Amino acid sequence: MTVMAPGSLPGRQTGFLIKRGISEPCAKRLLQLAAEPVTGEQLGTPAAIRARRFSIERMVDDLYMLYHAYSGTDQSLEQGCENSIST
């Protein structure tokens, strides 16, 4: 279950918003997910896909492309960071 700031979670597509420090709503949602495994799968699958957006590989690739976009060099991502680091 994800506990995040309001607005950072797409409305009930990837989890439930629960206020920090209040255990009753969290317990209620955990019991719901235990009783409804399909609901957990319906939330978990898109959550896993969304989480990939925040992988270290994605962030490095984005930073690499941004650096080259602003530096005026024409380095494609296909060349990869490994090639530019080793040169």
Exercise. Calculate the spin-label point distance for D62 paired with L17, positioning each point 7 Å from the Cα along the beta-carbon direction, and give it in nanometres.
Key: 2.1 nm
Exercise. Using packing as a proxy for protection, rank 55-64, 37-46 so that the peptide with the highest average count of other Cβ atoms within 10 Å comes first.
Key: 37-46, 55-64
Quiz prompt | Cβ-based net charge around F54, under 13 Å, with every Lys or Arg adding one and every Asp or Glu removing one | solution = +1
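Since every read-out is calculated from the coordinates, none of them should be taken as a lab result. Please read these numbers as outputs of a predicted model, since none were measured by experiment. Glycine also receives a Cβ, built like all others from the backbone with ideal geometry; neighbour counts cover every protein chain displayed.
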